[in-house]
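Here's the structure we're looking at; comments come further down.
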Amino acid sequence: MTVHVNETHDPSLESWVAGANVAGTDFPIQNLPFGVFKTAGAEAERVGVAIGDQIVDVLASRDAGAFEPAGDEAATAAQACAGPTLNPLMALTPSHWSALRRALQAALVDGSELRDKVVLVPMADAEMCLPVDIGDYTDFYCSIYHATNVGKLFRPDNPLMPNYKHIPIGYHGRASSVVLSGTPVKRPKGQVKPPTEDAPSFVPSRLLDYELEVGFFAGTGNELGESVPLDESDARIFGFCLVNDWSARDVQGWEYQPLGPFLAKSFITSIAPWVVTNEALAPFRIPAFERAEGDPQPLPHLDSEQNRKLGGVDMQLEVHLLTPKMREAGEQPFKLSTGNFKHMYWTAGQMMTHHSSNGCNLRPGDLMASGTVSGPTPESRGCLLEITRRGAEPVDLPNGEQRKFLQDGDELMLSGWCEKEGAKRIGLGLCTGVVVPAE
Ligand code: CA
């Protein structure tokens with residue numbers, strides 16, 4: 001079962017919310033991503049849907065009758081938006097999510113008679129909140145370009161491990177330190193041992209990096225002991241968001257063997273405030289990554305015709321850097337790299353199926369991230385470790401500054417969007433973070 005293109009993706013649809021029809025907006029009426037927001041003076045966090053430069057207050061709109069004729073499933077889904085997180089909505093089924101999407105669109109479409117019943121809050125007046133109570137966070141390592149580039153730095157003759165083309169490699173991340181975009185990123189302290197030193201020391205990380213990633217949330221989960229068949233995995237994904245897996249490379253280099261990343265990653269992970277539903281991305285589904293001739297095919301449980309045809313997502317990504325000097329001079333952020341989610345060796349569905357293949361239960365709101373999204377070209381490297389070859393080739397910024405790794409005051413901005421002929425462009429918003437000094 002997969003999510004198909006339907007009339008909610010019709011590129012000709014416009015909204016009575018003017019901002020939704022502005023060229024280049026991330027949030028036209030074809031997108032309708034979910035988030036959680038708060039307004040000044042109001043205690044409660046509320047579920048909202050982005051439309052142009054406005055947020056639909058889902059519960060208040062429901063109470064006002066904006067989704068009146070929409071049916072039982074939409075009503076159930078709207079009721080699931082009554083709390084301060086998206087988890088209850090995520091715990092429902094694709095059919096519920098779809099019904100609410102249709103109800104929202106019916107209320108927001110140009111000429112809708114329900115217009116007066118929709119409660120909007122300007123984004124400018126809202127503070128976004130972490131949208132999901134994330135029970136578990138798993139980070140994968142699914143760009144073969146990233147794995148090869150990083151592997152080469154450590155093992156020039158043998159960059160890829162023998163399991164790489166057989167298993168979507170991942171590790172268990174730390175859910176408690178997943179934060180909303182905009183949260184300051186305090187430079188972590190950690191134990192490091194550079195090759196030039198005889199003994200380890202405990203210091204603020206000198207090699208702080210970012211990782212451009214795409215995350216996805218489990219919706220309908222699976223029971224302990226049950227695994228998710230590949231052809232059902234996409235339907236169990238609620239939606240996607242941008243992720244920055246901040247990384248302390250010096251800490252990582254000393255601690256990662258033999259059990260993988262630990263404190264080099266768990267100090268903070270940023271996510272964008274908006275979760276773009278799997279259904280909104282349907283027009284941008286593409287075939288899974290085409291493996292090079294001679295590469296092994298996935299084992300049967302990680303392979304299906306549907307996955308080969310539609311497992312990928314054509315999602316464009318960009319990373320911008322703004323240094324304190326650039327900020328003071330009023331300069332524009334510098335584009336560090338561009339990428340595309342389509343370059344991942346494994347699909348989101350394969351990651352989810354692999355994750356549950358041993359019977360591990362995924363719960364609504366569990367976050368999985370793709371791993372650094374790097375592509376085949378130098379412009380599409382998704383972290384500074386790759387871009388600067390571990391500091392050997394610093395980035396030259398237009399104002400004469402250089403960067404090997406991130407300095408205090410640097411701001412990173414991840415953005416992402418999907419566009420193609422015959423579909424409306426939709427965006428994933430921004431995932432930002434400013435590095436602040438260690439204590
Ligand atoms: Ca990562």
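Peptides 243-249, 261-267 ordered by packing proxy, namely the average of other Cβ atoms within 10 Å per residue, highest first: 243-249, 261-267. Helical runs (DSSP H, four residues minimum) scored at -39500 (n - 2.57) apiece and divided by the length of the chain put the mean residue ellipticity at 222 nm at -4500 deg cm²/dmol. Exposure proxy for Thr196, Thr138: other Cβ atoms within 10 Å of each Cβ, ordered fewest to most, give Thr196, Thr138. Is there a pair in Lys335/Lys424; Lys309/Lys424; Lys309/Lys342; Lys335/Lys404; Lys335/Lys420 whose C-alpha atoms are over 18 Å apart, and which pairs would that be? From the list (Lys335/Lys424; Lys309/Lys424; Lys309/Lys342; Lys335/Lys404; Lys335/Lys420), the Cα-Cα distance tops 18 Å for Lys335/Lys424; Lys309/Lys424; Lys335/Lys420. Computed extension length for Asp295-Ala23: 93.7 nm, one decimal, from 0.36 nm per residue of separation with the Cα-Cα distance subtracted. Our note on the geometry: Cα centres of the range 131-183 and the range 381-419, 19 Å apart.
Between Asp157, Asp408, Asp72, the Gaussian network model of the chain with springs among Cα atoms under 10 angstrom shows the greatest mean-square fluctuation at Asp157.
Taken about its Cα centre, the range 137-436 carries a charge dipole of roughly 400 debye when the Cβ of each Lys and Arg holds +1 and the Cβ of each Asp and Glu holds -1. The listed peptides 410-422, 205-217, ordered by packing as a protection proxy, come out as 205-217, 410-422 (highest mean of other Cβ atoms within 10 Å first). In plain terms, the residue of Glu43, Glu232 with the fewest other Cβ atoms within 10 Å comes first and the most crowded comes last, giving Glu43, Glu232. Here, P(r) means the percent of Cα pairs in each 20 Å bin from 0 to the largest distance; for the range 137-436 it is 34, 58, 7, 0. Shown is the FRET efficiency for Asp314 and Arg389, computed with R0 = 22 Å from the Cβ-Cβ distance and rounded to the nearest 0.05: 0.15. Cross-link reach is defined here as a Cα-Cα straight distance under 15 Å, omitting same-chain residues fewer than 8 places apart; for Lys117 the aspartates and glutamates meeting it are Asp57, Asp63, Glu68. Highest average first, the peptides 124-135, 319-330 ordered by how many other beta carbon atoms sit within 10 Å of their residues are 124-135, 319-330.
Would you work out which of Val109, Leu59, Thr25 lies farthest towards the positive end of the dipole of the range 25-168? Charges go on Cβ: Lys and Arg +1, Asp and Glu -1. Result: Thr25.
Please report the antiparallel percentage of the DSSP beta bridges confined to the chain, to the nearest 5. The answer is about 90 percent antiparallel. Bridgeable lysines around Lys186 (alpha carbons under 16 Å apart, same-chain partners fewer than 8 residues away excluded): Lys265. Using the Cα coordinates of the range 7-129, the gyration tensor eigenvalues translate into equivalent-ellipsoid semi-axes of 20, 18, 13 Å, sorted from longest to shortest. A Gaussian network model of the chain, with springs between Cα atoms under 10 Å, assigns the largest mean-square fluctuation among Gly182, Gly225, Gly19 to Gly225.
Taking Cα atoms only, the orientation of helix 144-154 departs from the longest principal axis of the chain by about 20 degrees. What is the helix-to-structure angle for 94-108, meaning the angle in degrees between its Cα long axis and the longest Cα principal axis of the chain, kept from 0 to 90 and rounded to the nearest 10? Tilt relative to the chain: about 60 degrees.
Only the coordinates and a few stated rules stand behind these numbers; no lab work does. Just so it is clear, the structure is predicted and the values come from calculations on it, not from any experiment. When we count neighbours, we look across all protein chains shown, and the Cβ atoms used for this are built from the backbone with ideal geometry, even at glycine.
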